[in-house]
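Peer 1: Let me begin by handing over the structure; questions about it come next.
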Amino acid sequence: MADRYLLYYITDRSQFLGDERARRRALLAKVAEAARAGVDYIQLREKDLSTRELETLAREVVAAVRENSLSTRLLINSRTDVALAAGADGVHLRADDISPHEVRRVVEFSGHRPLTTDHFLIATSCHTVADVFRAESEKADFAVFGPVFGKRGAAGTSSAGLAALREACRAKIPVLALGGVTIENVASCLEAGAAGVAGIRLFQENKIDDVVRALRTH
């Protein structure tokens, strides 16, 4: 088990109370909190926004991350164009998205040079072991595999389970566990070989300092 494993906060402003303005304020505050607490990656995953709205929010989130951490990296869900325009550190691709190879061509053509990383980061959502090995072959930086334990409130959603996670972690890229991960079951993910864990509620519904402290004492 690694001495220090990766933590990945995935945003969902719809879980916060209030109107749209209040939810955005809460999201920016939570992003700043995550950056200060030492979360490694944050994914801005607000799929309902228009391109213009997403870019505006992404610029605000980039600023919040930069003001609170020198090490936290921000990725934008699926939208390479928005990630480049907002100055984010990378993009998180869906399982059915364009390939990391295609993203790298777009980034190379754009002439983009990240401010805080050696290169533009590419993460990939993976739901099967085959997805993870494909992500590896396509030179993704890391994979997010799940749901490992299922998703709370998502009836009928099947979970991949720890055996599949263990098999996926044979890949030569870091694999993070997603889906129903809690402070209580994180140790089983790490024992299966996960390089870290990802989640929405795990971070949004708790004080992130407490979450980070608890997770990194396993």
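The values are calculated or read from the model by the stated rules, or taken from the named source; none is laboratory data. Since the model is a prediction, treat every value here as computed from it, not as a measurement. Note that we place each Cβ from the backbone using ideal geometry, even for glycine, and neighbour counts take in every protein chain shown. Heavy atoms of the whole protein, side chains included, go into the accessibility calculation; ligands, DNA and RNA do not. Shrake-Rupley method; radii C 1.70, N 1.55, O 1.52, S 1.80 Å.
Peer 1: Of all the residues that make up the range 83-96, how many are part of a loop (DSSP other than H, G, I, E, B) and closer than 13 Å to Gln43 by Cβ?
Peer 2: 3
Peer 1: Hey, another quick one. May I ask you to verify whether Ala160 is out of contact with any Ser or Thr (no Cβ under 9 Å at 6 or more places or on another chain) and among the aliphatic types (A, V, I, L, M)?
Peer 2: no
Peer 1: Tell me yes or no: at least one residue of the range 3-15 is acidic (Asp, Glu) and farther than 30 Å from Arg166 by Cα.
Peer 2: no
Peer 1: Within the range 50-89, track down each residue that is at pLDDT 95 or above and on the phi > 0 side of the Ramachandran plot.
Peer 2: Within the range 50-89, Ser78 is the sole residue that qualifies.
Peer 1: Okay, moving on. Inside the range 61-81, can you point out the residues that are in a loop (DSSP other than H, G, I, E, B) and touching a helix residue (DSSP H, G or I) at 6+ places or on another chain (Cβ under 7 Å)?
Peer 2: Of everything in the range 61-81, those that are in a loop (DSSP other than H, G, I, E, B) and touching a helix residue (DSSP H, G or I) at 6+ places or on another chain (Cβ under 7 Å) turn out to be Ser69, Thr72, Arg79.
Peer 1: When both residues are 6+ apart or on different chains and their Cβ atoms are under 7 Å apart, which pairs have a first residue that lies in the range 24-46 and is under 20 Å from Gly87 (Cβ atoms), and a second that is aromatic (Phe, Trp, Tyr) and surrounded by fewer than 20 Cβ atoms within 10 Å (Cβ to Cβ)?
Peer 2: Leu27/Phe16
Peer 1: Regarding the range 164-177, can at least one residue be identified that is touching a residue at least 60 places away in the same chain (Cβ under 8 Å), out of contact with any Pro (no Cβ under 8 Å at 6 or more places or on another chain) and either under 25 Å from Thr217 (Cα atoms) or crowded, with 20+ Cβ neighbours inside 10 Å (or both)?
Peer 2: Yes, the range 164-177 contains at least one residue that is touching a residue at least 60 places away in the same chain (Cβ under 8 Å), out of contact with any Pro (no Cβ under 8 Å at 6 or more places or on another chain) and either under 25 Å from Thr217 (Cα atoms) or crowded, with 20+ Cβ neighbours inside 10 Å (or both).
Peer 1: Right, another one. Can you report the number of residues in the range 13-42 which are within 21 Å of Ala214 (Cβ to Cβ) and part of a loop (DSSP other than H, G, I, E, B)?
Peer 2: Residues in the range 13-42 being within 21 Å of Ala214 (Cβ to Cβ) and part of a loop (DSSP other than H, G, I, E, B): 3 in total.
Peer 1: Can you pull out every residue in the range 185-207 that is outside any helix (DSSP H, G or I), closer than 21 Å to Gln15 by Cβ, open to solvent by 30 Å² or more (accessible area, probe 1.4 Å) and not polar (S, T, N, Q)?
Peer 2: Correct list: Ile200, Glu205, Lys207.
Peer 1: Can you say whether Gln43 is within 18 Å of the chain's Cα centre (by Cα), surrounded by fewer than 16 Cβ atoms within 10 Å (Cβ to Cβ) and under 17 Å from Val181 (Cβ atoms), as far as the supplied structure shows?
Peer 2: Values: within 18 Å of the chain's Cα centre (by Cα): yes; surrounded by fewer than 16 Cβ atoms within 10 Å (Cβ to Cβ): no; under 17 Å from Val181 (Cβ atoms): yes.
So Gln43 fails the test.
Peer 1: Right, next: Restricting attention to the range 82-96, does a residue exist that is in contact with a helix residue (DSSP H, G or I) (Cβ under 7 Å, 6 or more places away or on another chain) and either open to solvent by 60 Å² or more (accessible area, probe 1.4 Å) or without any contact (Cβ under 8 Å) to a residue 24 or more places away in the chain (or both)?
Peer 2: no
Peer 1: Shifting gears a bit: Keeping to the range 43-60, report how many residues are assigned to a loop (DSSP other than H, G, I, E, B) and in contact with a strand residue (DSSP E or B) (Cβ under 8 Å, 6 or more places away or on another chain).
Peer 2: Residues meeting the conditions: 3.
Peer 1: For the range 208-218, which positions are outside any loop (DSSP other than H, G, I, E, B) and β-branched (Val, Ile, Thr)?
Peer 2: If we filter the range 208-218 for residues that are outside any loop (DSSP other than H, G, I, E, B), which is where we start, we get 208-215.
Residues satisfying the conditions are Ile208, Val211, Val212.
Peer 1: Listed residues Ser50, Ser69; which is free of Cβ contacts under 8 Å to residues at least 12 places away in the same chain, open to solvent by 10 Å² or more (accessible area, probe 1.4 Å) and small (Gly, Ala, Ser)? Break it down into steps so the answer makes sense when it comes.
Peer 2: Values: Ser69 fails: free of Cβ contacts under 8 Å to residues at least 12 places away in the same chain.
Only one candidate qualifies: Ser50.
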